[in-house]
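Undergrad: Take a look at this one; I'll ask things after.
Any read-out appearing in this document is the output of simple, stated calculations on the displayed coordinates, not a laboratory observation. Model, not experiment: these values are computed from the prediction. Here the Cβ is made from the backbone with ideal geometry for all residues, glycine too, and neighbour counts use every protein chain on show.
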Amino acid sequence: MENLLAKVAEILEVDEVKPEDVLDGFEEWDSLTVLSVIVMVDGDYRINLSAAEIRDCRTGQGLLDLVARKATK
Amino acid sequence: MNLIFSNRKISGILTVVPANERSFVDEMSNFNFPERRSLKLKEVMGYDKHRLVDGPVCVSDLTIFGLEYLFANRLLDRDEFDALIVVTQSPDYIMPATSSVIQGRLGLKQDMFCLDINQGCAGFLIGLMQGFLLLDQPSIQRVVLVNADVLSRKVSTKDRNSYPLVGDGASITILERTDDATPIYMNLKMDGTRRDVLRIPAGGMRLPSSPETAVMAEDADGNLRSLDNLVMDGSAVFNFVQVEVPPMIDDLLQTAGKKMDDVDMFLFHQPNRFMLEKLADKMGVPYEKMPANIVEHYGNSSGVTIPLAIAHNLRHRVVGESINACLAGFGVGLTWASMLMRIGPMRFCEMITF
């Protein structure tokens with residue numbers, strides 16, 4: 001799971017995404033990056049997220065919580 | 001549900017694409033999106049060129065052009081088919097049916113069953129199913145299945161969700177009985193609770209088109225479209241395909257008692273290269289067995305993309321020999337369907353330009 005934000009940083013083409021970072025604050029955060037996150041989480045964790053769920057996360061921590069919550073289901 | 005057919009074949013395919021070719025790079029200034037991000041979109045999704053009708057061209061125009069080509073080249077006799085199925089989401093009129101328009105404009109015989117079906121990206125499979133069923137009737141010797149759409153006319157040029165990938169076109173597929181009793185297996189599912197994922201909100205009886213429905217509005221991603229335009233929830237479609245299609249193919253193969261390796265070609269609907277490659281990865285299918293190159297050449301023309309995938313990639317092969325094909329279509333409805341069948345040798349498989 002610690003890998004997740006590093007992968008998101010790669011998608012956003014930035015050095016780092018910290019748990020407290022607001023995702024919408026990144027220049028590259030748009031529908032295409034949201035889709036890339038869906039694909040990455042599906043590939044790495046076998047979890048299907050919707051675009052709406054990801055947008056509701058707001059922060060890096062929110063995304064970590066969402067994936068953790070889905071993983072235990 | 002599982003369906004099964006036997007003694008049925010596809011004896012020919014003709015595809016019709018508009019001559020008017022547009023490129024993503026020329027159109028990306030229409031999108032409310034930085035150029036750098038548009039180029040990223042192009043790279044990730046595999047967008048490049050697409051074929052669109054130029055002006056008020058209708059489904060019947062593309063289809064009649066194709067049928068007249070077949071008549072003129074003696075590939076189809078105008079009196080020797082008994083049913084005309086037209087699968088489209090962009091009919092000439094709300095009424096009458098576009099199949100009746102085509103019958104009338106061509107002066108075809110009256111002993112003819114004309115049927116329109118409102119289906120999209122699964123429309124080739126749904127059309128094959130209906131055509132195979134009609135061939136149960138002794139008086140129906142041959143069915144002409146038309147898949148055709150001119151949906152570019154309903155997509156906003158400022159919608160980067162849909163405009164880069166839309167394509168127009170028509171395919172004409174000839175269905176006949178055959179002595180070969182090899183079973184054709186089909187699997188079909190629908191889910192109307194997800195009907196809003198792909199739709200044109202206005203223009204029917206629920207919300208007739210009006211000056212209000214023509215007003216352009218911006219969505220959360222900066223796309224501009226009106227209620228008269230096609231709207232697609234792209235990420236919901238992506239999830240739908242990745243979740244539903246692989247188990248459907250597993251079921252189909254299991255019902256048929258076949259393995260992935262028994263299939264020569266996976267001829268799937270072409271939403272974009274990206275989605276097909278993710279699907280191939282998930283199913284463990286090598287890319288060379290699943291063509292994904294139709295959107296970058298012609299765009300996504302709904303039910304026409306499987307015939308285009310065959311005509312573009314395999315036209316010589318399906319005329320010369322028989323292959324084990326797994327077909328799949330998935331889209332509006334939502335609808336997802338697959339079919340395992342032998343394809344070829346066909347009498348013809350061609351592509352012409354309108």
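Undergrad: Put a dot 7 Å past each Cα toward the Cβ at B:D281 and B:V243; how far apart are the dots in nm?
TA: Modelled inter-label distance: 1.9 nm.
Undergrad: Using label points projected 7 Å from each Cα along Cα→Cβ, tell me how many nm separate A:E16 and B:N30, to one decimal.
TA: So the label points at A:E16 and B:N30 sit 4.3 nm apart.
Undergrad: I've got another one for you. How much of the DSSP beta bridge set in the protein assembly as shown is antiparallel, as a percent to the nearest 5?
TA: Roughly 65 percent of the DSSP beta bridges within the protein assembly as shown come out antiparallel.
Undergrad: Any idea what the relative contact order of the range B:1-151 is, in percent, if you count C-alpha pairs under 8 Å spaced at least 6 apart?
TA: About 25 percent, as a whole number.
Undergrad: Continuing with the same structure: Please give, to one decimal in nm, the separation of the simple spin-label points placed at A:I47 and B:N324, each 7 Å out from Cα toward the Cβ.
TA: The two pseudo-label positions are separated by 3.8 nm.
Undergrad: Please find the FRET efficiency linking B:K49 to B:R199, where r is the Cβ-Cβ separation and R0 is fixed at 22 Å, and quote it to the nearest 0.05.
TA: Rounded to the nearest 0.05, the efficiency is 0.25.
Undergrad: Let me check I've understood the local charge: for A:T72, count other residues with C-beta under 15 angstrom from its C-beta, Lys and Arg +1, Asp and Glu -1. What total comes out? Write out the running numbers ahead of the final one.
TA: Numbers: positive: A:R46, A:R69, A:K70, A:K73; negative: A:D65.
Cβ neighbours under 15 Å give a net charge of +3.
Undergrad: Report the equivalent ellipsoid semi-axes for the protein assembly as shown in whole Å, largest first, defined as the square roots of five times the eigenvalues of the gyration tensor built from alpha carbon atoms.
TA: Semi-axis lengths for the protein assembly as shown are 38, 25, 18 Å.
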